[in-house]
Amino acid sequence: MKNTFSQAMAWLHTWAGLVIGWLLFVIFVGGTIACFDKELTHWMQPALHGHERSADSVNLASAVEQLQKIAKPHPHAYYVTLPGVRGKSLDGGVYYDAGTPDLVTLDPASGQKIPETAGGEFFFTLHYNLHAQTWGMYIVGLAGMFMLIAILTGIVIHKRIFKDFFTFRPKNGGQRAWLDGHNLTGVLGLPFHLMIAYTGVAIFVANYMPAGLFAAYNGDAEKFFVEASDSYERPETHKALKSIYPIDKLVADARARLGQPVTWVSVHHPDDTSATISFGGDHSRDVAWNYRSVFYDANDGKFLHQSGPMAPGYQTYTFIGGMHMAQWGGSALRWLYFVMGIAGCVMIASGMQVWVSKRAKKIAEAGNVSGYALVQALNLGVVGGLPLASAAMVIGNRLIPADVAARANAEITVFCAVWIAATLYAAIPAVHKRGWGQFFAINAGAFALIPLVNFATAPNSHLFATIGRGDWSLAAVDLTALALAAGFAALARHSFVKARLPAEAREPRRNDRAGANQPALADR
């Protein structure tokens with residue numbers, strides 16, 4: 001037990017951050033990229049570039065026919081997302097009461113399938129459940145709770161929290177630079193990090209604490225959400241539906257009733273005479289998620305229901321979810337979230353490296369086979385390897401042939417293979433002791449390759465073509481890759497310069513030791 005409250009908080013801050021730090025870094029990287037998940041998905045669909053169509057020109061009946069062809073018996077719903085300002089493809093899915101949905105991506109202009117891609121959806125799913133379904137969601141929720149503990153204890157132990165905002169001394173190198181980077185990004189993004197951690201946990205509150213759901217609705221989550229959001233659902237009749245009413249005939253009426261463009265359409269219980277056709281708008285108009293929708297009978301197209309105001313509690317919940325998801329506010333807000341997300345990644349990475357730097361002497365004494373060496377290797381493998389794997393996946397999108405079966409899985413395989421290889425390389429003692437410069441340089445090269453490979457393989461998608469026709473959402477992907485390449489190159493140069501200095505020149509001066517402005521840090 002620590003002797004003082006500050007020391008106890010410092011201990012809790014350190015271990016809450018370190019134990020879950022690598023996982024938090026993965027979650028933050030996934031969430032940061034997911035700020036522009038639809039834009040990244042569109043970039044990874046070169047077959048659509050240069051001839052995008054609006055939602056008004058889409059044939060929804062044709063899209064539903066495509067879903068009927070791939071559907072397994074007894075589907076729960078067909079769901080189609082129309083092209084919009086951000087996403088340009090026509091995305092369809094067949095969802096079941098249990099199991100993985102069957103998904104298809106169509107060209108809105110022709111209605112034909114286009115080469116599949118894992119796209120930005122891969123990083124969005126990585127962010128909220130690590131591609132591990134329900135168990136992953138619980139693990140991410142636990143990580144979010146640990147993050148809240150680390151943030152709150154970090155506030156307590158900071159004695160000069162505002163001064164740290166203006167303090168960064170990278171020339172000192174070593175522990176001082178890592179700690180300054182941790183403090184600076186932590187203080188810079190403090191309100192954002194608090195908000196994102198709390199709202200991320202709160203989004204799945206019904207899953208984490210289902211007692212109320214079981215008590216009031218006997219565990220019927222669908223009934224709960226239908227009532228809370230004033231949705232509409234009919235019990236199945238178990239009689240076969242002969243055909244679905246032509247959906248395109250209902251779009252104009254749905255648009256008029258909603259008072260906004262239609263962005264999605266869903267057919268619930270499509271094989272049953274209880275089937276309904278529903279339409280909804282987008283989430284960009286308000287902070288709270290937009291659950292306004294209209295419902296029609298799938299047998300004859302008769303209007304059935306229009307959702308009204310949500311219950312106050314559910315309205316609060318959708319506001320919290322909207323704050324986390326950032327679908328409102330346009331591209332400016334998403335760029336703000338993206339920058340704050342990068343700051344969060346730096347905060348987590350530098351915090352883990354502070355722990356290593358403070359124990360440099362113990363690490364040297366422990367040798368290559370120790371817990372300290374494992375932490376060093378994981379720091380480098382996760383922090384250095386994950387961006388590299390992300391860049392490799394994007395490059396792989398351009399190099400994997402369009403007609404490869406399970407193409408999205410092939411992209412994910414590239415991501416996993418590169419990350420595993422990077423982590424194994426980082427596990428080599430000579431690498432993880434002084435490997436930061438190498439990993440920074442490799443990442444710089446990988447991100448610089450993205451626009452080059454794009455230029456060589458996609459004539460309608462490369463930077464000169466997209467800027468020439470004013471398609472800035474596509475150009476931004478290449479430009480962001482170049483900016484990240486420049487950032488990693490600067491870090492690599494700094495690391496190599498410091499590595500060439502004599503050992504005494506790399507150590508911070510005694511009157512500027514790493515814990516000077518935070519006495520509590522000495523007991524971490």
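The values are calculated or read from the model by the stated rules, or taken from the named source; none is laboratory data. On a predicted model such as this, the values are computed, not experimentally measured, just so you know. Counting neighbours? That spans all protein chains shown, and the Cβs are built from the backbone with ideal geometry, glycine included. Note: accessible area is taken over every heavy atom of the protein model, side chains too, but ligands, DNA and RNA are not part of it. Shrake-Rupley method; radii C 1.70, N 1.55, O 1.52, S 1.80 Å.
Does L126 qualify as being of a type in the set (A, V, I, L, M), modelled with pLDDT of 90 or more, outside any loop (DSSP other than H, G, I, E, B) and surrounded by 20 or more Cβ atoms within 10 Å (Cβ to Cβ)?
Details: of a type in the set (A, V, I, L, M): yes; modelled with pLDDT of 90 or more: yes; outside any loop (DSSP other than H, G, I, E, B): yes; surrounded by 20 or more Cβ atoms within 10 Å (Cβ to Cβ): yes.
So L126 passes the test.
Among the residues making up the stretch 105-134, those that are hydrophobic (A, V, I, L, M, F, W, C) and closer than 23 Å to S390 by Cα are I114, A118, F122, F123, F124, L126, L130, A132.
From the list G313, G308, G301, the one residue that fits, being over 15 Å from L60 (Cα atoms), of a type outside the set (A, V, I, L, M, F, W, C) and part of a loop (DSSP other than H, G, I, E, B), is G308.
Tallying residues that are under 20 Å from S350 (Cβ atoms) and open to solvent by less than 30 Å² (accessible area, probe 1.4 Å) within the stretch 14-72 yields 15.
Taking the listed residues T185, T117, T153, the one that is modelled with pLDDT under 85 and either of a type in the set (G, A, S) or buried (at least 20 other Cβ atoms within 10 Å of the Cβ) (or both) is T185, with no other qualifying. Is the stretch 288-306 home to any residue that is open to solvent by 50 Å² or more (accessible area, probe 1.4 Å), closer than 30 Å to G136 by Cβ and modelled with pLDDT of 85 or more? Checked against the condition, which is being open to solvent by 50 Å² or more (accessible area, probe 1.4 Å), closer than 30 Å to G136 by Cβ and modelled with pLDDT of 85 or more, the stretch 288-306 yields at least one hit. A Cβ distance below 8 Å, combined with a sequence gap of six or more or placement on separate chains, defines the contacts here; from the stretch 427-438, residues that are under 21 Å from A490 (Cβ atoms) and open to solvent by 50 Å² or more (accessible area, probe 1.4 Å) reach residues that are at pLDDT below 80 and of a type outside the set (S, T, Y) in the pairs R434/A499. The residues in the stretch 225-263 that are among the hydrophobic types (A, V, I, L, M, F, W, C), surrounded by fewer than 17 Cβ atoms within 10 Å (Cβ to Cβ) and at pLDDT below 90 can be counted, and the count is 2. Of (1) at positive phi; (2) surrounded by 16 or more Cβ atoms within 10 Å (Cβ to Cβ); (3) free of Cβ contacts under 8 Å to residues at least 12 places away in the same chain, L213 satisfies all except one. Which? Failed condition: (1).
Among the residues of the stretch 470-485, count how many are in a helix (DSSP H, G or I) and open to solvent by less than 60 Å² (accessible area, probe 1.4 Å).
Kept after step one, since they are in a helix (DSSP H, G or I), are these residues of the stretch 470-485: 472-485.
Within this subset, residues satisfying the condition of being open to solvent by less than 60 Å² (accessible area, probe 1.4 Å) are 473-478, 480-481, 484-485.
Residues meeting the conditions: 10.
Rundown of residues vs (1) farther than 18 Å from K69 by Cβ; (2) in contact (Cβ under 8 Å) with a residue 12 or more places away in the chain; (3) of a type in the set (K, R); (4) in contact with a helix residue (DSSP H, G or I) (Cβ under 7 Å, 6 or more places away or on another chain), yes/no style:
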{"position": "Y96", "(1), (2), (3), (4)": "no, yes, no, no"}
{"position": "G111", "(1), (2), (3), (4)": "no, yes, no, yes"}
{"position": "I114", "(1), (2), (3), (4)": "no, yes, no, yes"}
{"position": "T117", "(1), (2), (3), (4)": "yes, yes, no, yes"}
{"position": "G120", "(1), (2), (3), (4)": "yes, yes, no, yes"}
{"position": "F124", "(1), (2), (3), (4)": "yes, yes, no, yes"}
{"position": "W135", "(1), (2), (3), (4)": "yes, no, no, no"}
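With the structure loaded, tell me whether D271 is open to solvent by 30 Å² or more (accessible area, probe 1.4 Å) and without any contact (Cβ under 8 Å) to a residue 60 or more places away in the chain or whether it fails that test.
Taking the combined requirement at face value, the residue does not satisfy it.
Just one of the listed residues (A197, A221, A206) is in contact with a helix residue (DSSP H, G or I) (Cβ under 8 Å, 6 or more places away or on another chain), at pLDDT 85 or above and open to solvent by less than 60 Å² (accessible area, probe 1.4 Å), namely A197.
Checking each residue in the stretch 254-288 for being in a strand (DSSP E or B) and of a type in the set (S, T, N, Q) picks out S266, T276, S278. Checked against the criterion of being assigned to a loop (DSSP other than H, G, I, E, B), at pLDDT 90 or above, closer than 30 Å to F455 by Cα and small (G, A, S), the candidates A391, A402 yield just one match: A402. Within the stretch 85-96, identify whether any single residue is open to solvent by less than 30 Å² (accessible area, probe 1.4 Å) and hydroxyl-bearing (S, T, Y), and answer yes or no. Scanning the stretch 85-96 turns up at least one residue that is open to solvent by less than 30 Å² (accessible area, probe 1.4 Å) and hydroxyl-bearing (S, T, Y).
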